[in-house]
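K.L.:
One structure follows; several queries about it will come next.
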Amino acid sequence: MREEDLKLLRYELEKIKSMGWIKNQRPGNAGGVGNTLEDLLDVAENNLQLPDFGDWELKSQRAETGSLLTLFHSEPKPRNARIVPQILLPLYGWPHQEAGTTYPKNERSFRQTINSNAYSDRGFKVNIDWKAETIYISFDFSSIDERHVEWRDFILNGIGPSDINPNPYWTFEDISTKLKTKLNNLMYVKADTKVIDGCEYFKYNNIEAYIDPTLENFLSLVEDGAIYVDFDARTGHNHGTKFRIRPIRKTDLYQGHIVV
C-alpha cells in the first residue's frame, strides 16, 4: 500500500505544484498552508492517530518559517489523573493575558514549549528515564525566572516548591506506537509565499518523503533537545499536548529520505 499511495500522492502533488500560486483558503489561520493543501487533496483535517492520505501523513510549512514542526498530539499519563486540566492548569497555571477581556476574569493559561536542554523560565523541563523507559516532565522551583515573581509566590503559597506529583509522562511504547501508526510514512511539503492585494498565496515547490522512523532516533533527538513537548491549554480549552521537532532535524528521525 505504501508504494501505491506514494505513487498517487506524488501524482496529486505534482498537479498542485504545476498550478503555481494558489490563494490561501484559510486566511487568518496560522495553519493555512497545510489546510489549503489538504483542501486541494480533498483530505479531511484531523488530529487522529491515523495518517492523512492512505499510508502517508502530510506535513507542510511556509518555506521561510523557523517554527517547530508538530509531529503528533499525545496527552501525558497517568491518564486518569487528567494531568493538564486537573493539575497543570489549576496548580501551575497563570492568569491568561486576555482574562477579563476575551475570556472570563478567572481564565488561566498553561503554555510551555520545553525540551531537555534546560529548565524553562517557569521551571519546566523534559527528561528521559532510561530505566523506567519513559519521557517525563519535571518542575524545578529554583529555576523560575525573576520576571515571574508573582507567579512564583502563587506556587510557593499553593502547591509548594516540590516537583510535580505525579510527573506527566509517556512510555517508550506510547511513542513507538505513535511513530508506527501516525508517522511511519511522512510527506513534507514546503510552500513559497507572497501577498497580493492583502491576500496570501502559496506555491508548493519543495516535496520530500520520509520513511521508517525509529524509537532510538526519536529518543536521541529528545536527549539532544531537538524534540520539544508543547503544552497549550487554558481554562476553557486544552488545545492538546504536542511533540514537535526542529524542521532541520526531521531527517535524523527517519531511516529513509526521498526528494519527490
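K.L.:
Can you give me the orientation-averaged projected area of the convex hull built on the Cα atoms of region 118-227, in nm²? Intermediate results must be reported in sequence, preceding the final value.
P.N.:
On the way: hull surface 44.6 nm².
Directional mean of the projected Cα hull area for region 118-227 stands at 11.2 nm².
K.L.:
State the three equivalent ellipsoid semi-axes of the chain, derived from the C-alpha gyration tensor as the square roots of 5 times its eigenvalues, in descending order and whole Å. Can you show the working numbers first?
P.N.:
Numbers: eigenvalues 248, 108, 45 Å².
Result for the chain: semi-axes of 35, 23, 15 Å.
K.L.:
Once both axes come from the Cα atoms, what is the angle between helix 215-224 and the longest principal axis of the chain, in degrees from 0 to 90, rounded to 10?
P.N.:
60
K.L.:
Please pull out the direction-averaged projected area of region 61-105, using the convex hull of its alpha-carbon atoms, in nm² to one decimal place.
P.N.:
Details: hull surface 21.8 nm².
The directionally averaged projection comes out at 5.5 nm².
K.L.:
Go through region 116-128 residue by residue and turn each phi into a ³J(HN,Hα) via Karplus (6.51, -1.76, 1.60, θ = phi - 60°); whole Hz please, and just put x for glycine and proline.
P.N.:
Ordered by residue, 3J(HN,Hα) equals 8, 6, 6, 5, 6, 5, 10, x, 10, 7, 8, 9, 10 Hz.
K.L.:
So, one more: Given 0.36 nm per residue, what is the gain on full extension from His148 to Ser220 after removing their alpha carbon distance, in nm?
P.N.:
Working: separation 72, 0.36 × 72 = 25.92 nm, distance 3.18 nm.
The His148-Ser220 span can extend by a further 22.7 nm.
K.L.:
Can you sort Ile159, Ile248, Ile258 by how many other beta carbons sit within 10 Å, fewest first?
P.N.:
On the way: Ile159 16, Ile248 10, Ile258 13.
The most exposed by this proxy come first: Ile248, Ile258, Ile159.
K.L.:
Calculate, in nm to one decimal, what Arg249 and Ile128 gain on full extension: separation in residues at 0.36 nm each, minus their alpha carbon distance.
P.N.:
On the way: separation 121, 0.36 × 121 = 43.56 nm, distance 1.90 nm.
In short, 41.7 nm is gained.
K.L.:
Compute the acute angle (0 to 90°) between the alpha-carbon long axis of helix 32-41 and the principal axis of greatest extent of the alpha-carbon atoms of the chain; round to the nearest 10°.
P.N.:
40
K.L.:
Then there's this: Please report how many Lys pairs in region 7-133 have alpha carbons closer than 22 angstrom, counting only residues at least 8 apart along the chain or sitting on separate chains.
P.N.:
Lysine pairs satisfying the spacing and distance rule in region 7-133 number 9.
K.L.:
Pop a pseudo-label 7 angstrom from the Cα along the beta-carbon direction at both Glu64 and Lys105 and give the gap in nm to one decimal.
P.N.:
4.3
K.L.:
Calculate the spin-label point distance for Asn117 paired with Asn205, positioning each point 7 Å from the Cα along the beta-carbon direction, and give it in nanometres.
P.N.:
2.8
K.L.:
Another question about this same structure. Once the piece of chain linking Tyr11 and His257 is laid out straight, how much longer is it, given 0.36 nm per residue of separation minus the C-alpha distance between them?
P.N.:
Numbers: separation 246, 0.36 × 246 = 88.56 nm, distance 1.81 nm.
Full-extension gain reported as 86.8 nm.
No value in this document is a laboratory result; all are computed from the given coordinates. Just so it is clear, the structure is predicted and the values come from calculations on it, not from any experiment. Using ideal geometry, Cβ is built from the backbone for each residue, glycine included, and neighbour counts are taken over all protein chains shown.
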